[in-house]
1. Which members of segment 68-100 meet the condition of being open to solvent by 50 Å² or more (accessible area, probe 1.4 Å) and outside any strand (DSSP E or B)?
2. For segment 30-41, enumerate the residues that are touching a strand residue (DSSP E or B) at 6+ places or on another chain (Cβ under 7 Å), within 19 Å of L84 (Cβ to Cβ) and open to solvent by 10 Å² or more (accessible area, probe 1.4 Å).
3. Among (1) under 21 Å from G9 (Cβ atoms); (2) without any contact (Cβ under 8 Å) to a residue 12 or more places away in the chain, which single condition is S102 missing?
4. Within segment 47-60, can you find the residues that are open to solvent by less than 30 Å² (accessible area, probe 1.4 Å), β-branched (V, I, T) and more than 11 Å from L105 (Cβ to Cβ)?
5. Based on this model, can you work out whether E44 counts as out of contact with any strand residue (DSSP E or B) (no Cβ under 9 Å at 6 or more places or on another chain) and either exposed (fewer than 14 other Cβ atoms within 10 Å of the Cβ) or at pLDDT 95 or above (or both)?
Amino acid sequence: QVQLVESGGGLVQAGGSLRLSCAASGRTFSRYSMAWFRQAPGKEREFVTAIRWSSGNTYYVDSVKGRFTISRDKNTVYLQMNSLKPEDTAVYYCAADVQGRSWPLVGIMDYWGKGTLVTVSS
């Protein structure tokens, strides 16, 4: 069993920063890439960013380019979020891909965390 546990969410004012973490535990698994998705109230879950575990290559959707940074270390993936906007308000989910799916990811992943809420006030 693989567990992904997100942390670091909270309430922040517009223009502020947050750093999310996602720790993997349980049985060892070969992760091809790790990703962050988010789901805003009343909207579908959307892909935000991903990182290839071996190479460190990254991908960002246009709405977060230049503001968000994904990184990884040992069994943890991070999402540094700067210059936050009210439209970034969402539950942020960490996910793992062990099959080598193409980017941008469309939401079918192998393992998911339960999410952490980020609220950006105006």
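1. Let us first name the residues in segment 68-100 that are open to solvent by 50 Å² or more (accessible area, probe 1.4 Å), namely 69, 72-75, 80, 82-83, 85-87, 98-99.
Scanning segment 68-100 gives K74, N75, N82, S83, K85, P86, E87, V98, Q99.
2. The answer is R38, Q39, A40.
3. Of everything listed in (1) under 21 Å from G9 (Cβ atoms); (2) without any contact (Cβ under 8 Å) to a residue 12 or more places away in the chain, S102 misses just condition (1).
4. Step one: filter segment 47-60 for residues open to solvent by less than 30 Å² (accessible area, probe 1.4 Å), giving 47-51, 56.
Applying the additional criterion that residues be β-branched (V, I, T) yields 48-49, 51.
Across segment 47-60, the qualifying residue is only I51.
5. Details: out of contact with any strand residue (DSSP E or B) (no Cβ under 9 Å at 6 or more places or on another chain): yes; either exposed (fewer than 14 other Cβ atoms within 10 Å of the Cβ) or at pLDDT 95 or above (or both): yes.
Yes: the conditions hold for E44.
The values are calculated or read from the model by the stated rules, or taken from the named source; none is laboratory data. Keep in mind it's a predicted model, so treat the numbers as computed, not measured. Because the Cβ atoms are built from the backbone with ideal geometry, glycine has one as well, and the counts that use them run over all protein chains shown. Heads up: the accessible areas ignore ligands, DNA and RNA and are worked out on the full protein's heavy atoms, side chains in. Shrake-Rupley method; radii C 1.70, N 1.55, O 1.52, S 1.80 Å.
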